[in-house]
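Asker: Have a look at this one before I ask anything.
The numbers here are math on the coordinates, done by the rules we state, and not lab data. Worth saying up front: this structure is predicted, and the values here are computed from it rather than measured. As a convention, Cβ positions derive from the backbone with ideal geometry for all residues, glycine included, and neighbour counts pool all protein chains shown.
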Amino acid sequence: MLEIAQLAGFFAAHGVWSVSDGATLIPLLGYEQATGERGMSRFALPDLGAAATAGREALTTNAAGARRAALVVDGYVHVDAGRVDALIVEAIEYGPQQVSLTIAVPYRPSSSPNGFAVHRPKFLSMSGVERQEAAGLGDAFFVGVDSHEAAAAVWNAHLDGSL
């Protein structure tokens with residue numbers, strides 16, 4: 001169960017690293033095989049909406065034949081302060097007891113007057129998770145973030161807890 005949150009954290013961190021310099025995130029699907037081997041596919045299409053749709057289809061159909069996978073797309077989330085940029089992470093643990101998580105990682109683009117910042121992740125939805133299991137998902141997510149050393153350094157250097 002915690003492995004899906006760790007995988008989501010790892011690829012969310014990769015997404016943060018990708019947008020930290022102002023680049024547009026090409027939707028990415030990170031996955032982990034039953035052997036523990038990880039891989040990643042990017043969906044570079046001329047239209048970002050079509051790319052996100054292709055990534056979502058690959059996630060839903062388990063195109064990589066993985067044990068678990070996480071799709072990261074650039075989008076928006078609504079918070080008390082209004083609509084903000086966010087990386088949206090949709091993660092699935094495949095199998096008979098499927099688990100799914102949707103997590104938003106709000107961020108402030110580097111083009112903003114105050115520069116790039118990463119805000120606290122928001123768990124938007126979860127399915128197949130028992131109440132007592134949910135408590136450890138946040139910690140597991142950050143174990144995943146920290147396991148991506150280069151991206152974790154960017155994340156931690158630009159952390160803004162204001163949202």
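Asker: Across the range 122-135, in residue order, what do the Karplus-derived ³J(HN,Hα) couplings come to in whole Hz, using 6.51 cos²θ - 1.76 cosθ + 1.60 with θ = phi - 60° and x for Gly and Pro?
Answerer: 10, 7, 8, 7, 8, 9, x, 10, 6, 3, 5, 7, 5, 4
Asker: Less than 9 Å Cβ to Cβ from R67, Lys/Arg counted +1 and Asp/Glu -1: what total charge do the surrounding residues give?
Answerer: -2
Asker: Where nothing but the Cβ of Lys and Arg (+1) and of Asp and Glu (-1) is charged, how large is the charge dipole of the range 85-143 around its Cα centre, in debye to the nearest 20?
Answerer: With only Lys, Arg, Asp and Glu charged at Cβ, the dipole is about 260 debye.
Asker: Moving on. By per-residue mean of other Cβ atoms within 10 Å, what is the highest-first order of 2-14, 26-38, 97-109? Could you put the intermediate results ahead of the total?
Answerer: Values: 2-14: 25.6, 26-38: 17.4, 97-109: 19.5.
Highest to lowest by the protection proxy: 2-14, 97-109, 26-38.
Asker: If we count every other residue with Cβ under 9 angstrom of E93's Cβ, Lys/Arg +1 and Asp/Glu -1, where does the sum land? Each step should come with its number before you reach the end.
Answerer: On the way: positive: R67, R68; negative: E3.
Net charge around E93: +1.
Asker: Where Lys and Arg each count +1 and Asp and Glu each count -1, what net charge lies around D160 among other residues with Cβ under 13 Å from its Cβ? Mind showing how you got there, number by number?
Answerer: Working: positive: R108, R120; negative: D85.
So the surrounding residues net to +1.
Asker: Per-residue counts of other Cβ atoms within 10 Å, averaged by peptide: what ranking do you get for 50-58, 119-127, highest first?
Answerer: In decreasing order of mean packing, 50-58, 119-127 become 50-58, 119-127.
Asker: Another question, then. For the chain, what is the calculated [θ] at 222 nm in deg cm²/dmol (nearest 500), taking -39500 (n - 2.57) for each run of four or more DSSP H residues and dividing by its residue count?
Answerer: So the calculated ellipticity at 222 nm is -10500 deg cm²/dmol.
Asker: Quick one, can you get me the convex hull of the C-alpha atoms of the chain expressed as volume per residue in Å³?
Answerer: 111 Å³
Asker: Take the alpha-carbon centre of the range 11-85, take the same for the range 108-134, and report the distance between them in whole Å.
Answerer: Computed from Cα coordinates, the inter-centre distance equals 14 Å.
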